Amino acid sequence: MTEQIIPAHLRSATALPVHGVVFDMDGLLLDSETLAMDALVDAGKDLGYDIPMSFCRSMIGVPADGCRKLVHEAYGVAFPMEDFFARQEVLLREYVDNGRLVLKTGVLPLLDLLDEFRIPRAIATSSSRYRTDHHLELVGLDKRFDATVTRDDVSAGKPDPEPYLKAAEKIGVEPKYCLALEDSHSGARAAHAAGIRVIVVPDLLQPADDIHEKALAIVDDLTVVRAYLKTILKAA
């Protein structure tokens, strides 16, 4: 495997060791955001609504309650909210079970590196427990994490820091010694608010201005993260 070039500003960011890693799931580990967006658009069509992809993308990284608020504000109280999200869930399950769900670039080599150095790792996701467990099992990642924190496990979802704080607690690592890996705006904000360094790997959305300020780095894929972690873990 060819190591990626580590950006200079990331190469120098080694002041604190990394004793634990907390991953987002959708769009970071799994190439699932495109499927979720397609399911939202198709669910709208099934109910007679033309919901633009641009609006659907505004829900990326937002927990279910936040998504419902966005839809309510955009389409009013008469919109068939529960039917819409129930239909989306059915469609997404169909797309996933038909073999369209795949891992993002660099996932397995990064997890293998964490195994090599015995670094605990968790998932902090805005998805439900049901969806999280199903997707991880389907792609063979269900045994690769020490803990998973879903939207069902917290009182407040991203961008609130609770998911990240709970994930760090579950793996027994202080937030300042964790590294968060995210693709979404709300996820990066949640990690930063939890006092956890965050590297952003953009998926469908390019980082907002404040994400550039909050992130340790913004990189193309997880192979860059692996190269960075390998350097600092070997130096520890």
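Scan segment 100-108 and tell me whether some residue there is part of a helix (DSSP H, G or I) and surrounded by 18 or more Cβ atoms within 10 Å (Cβ to Cβ). Checked segment 100-108: at least one residue is part of a helix (DSSP H, G or I) and surrounded by 18 or more Cβ atoms within 10 Å (Cβ to Cβ). Restricting the first member to segment 63-79 and to residues that are under 24 Å from residue 153 (Cα atoms) and among the charged types (D, E, K, R), and the second to residues that are in a loop (DSSP other than H, G, I, E, B) and modelled with pLDDT under 95, the beta-carbon pairs closer than 9 Å and six or more apart or on different chains are 65/157; 69/62. Here residue 155 meets the list (1) open to solvent by less than 50 Å² (accessible area, probe 1.4 Å); (2) in contact with an Asp or Glu (Cβ under 9 Å, 6 or more places away or on another chain) almost entirely, failing just condition (1). Among residues that are within 25 Å of residue 103 (Cα to Cα), aromatic (Phe, Trp, Tyr), open to solvent by less than 10 Å² (accessible area, probe 1.4 Å) and at pLDDT 95 or above, residue 228 is not included. With respect to (1) among the basic types (Lys, Arg); (2) more than 20 Å from residue 185 (Cα to Cα); (3) modelled with pLDDT of 95 or more, the lone exception for residue 131 is condition (3). Looking for something among the hydroxyl-bearing types (Ser, Thr, Tyr) and in a helix (DSSP H, G or I) - is there at least one such residue anywhere in segment 57-72? No, there is no match, as no residue in segment 57-72 is among the hydroxyl-bearing types (Ser, Thr, Tyr) and in a helix (DSSP H, G or I). Just give me the residues in segment 161-176 being open to solvent by 60 Å² or more (accessible area, probe 1.4 Å) and either assigned to a loop (DSSP other than H, G, I, E, B) or in contact (Cβ under 8 Å) with a residue 40 or more places away in the chain (or both), in sequence order. If the condition is that a residue be open to solvent by 60 Å² or more (accessible area, probe 1.4 Å) and either assigned to a loop (DSSP other than H, G, I, E, B) or in contact (Cβ under 8 Å) with a residue 40 or more places away in the chain (or both), then 166, 170, 172, 174, 176 are the ones that fit. Determine, yes or no, whether residue 72 is open to solvent by 70 Å² or more (accessible area, probe 1.4 Å) and at pLDDT 95 or above. Here the answer is no, as residue 72 does not meet what is asked. Tell me, please, whether a residue that is of a type in the set (Lys, Arg) and at pLDDT 95 or above can be found in segment 201-217. No: segment 201-217 contains no residue that is of a type in the set (Lys, Arg) and at pLDDT 95 or above.
The values are calculated or read from the model by the stated rules, or taken from the named source; none is laboratory data. Predicted model only: the values in this text are computed from it and were never measured. We place every Cβ from the backbone using ideal geometry, glycine too, and count neighbours over all the protein chains shown. When the accessible area is computed, the model is the full protein with side chains, heavy atoms only, and any ligands, DNA or RNA have been set aside. Shrake-Rupley method; radii C 1.70, N 1.55, O 1.52, S 1.80 Å.
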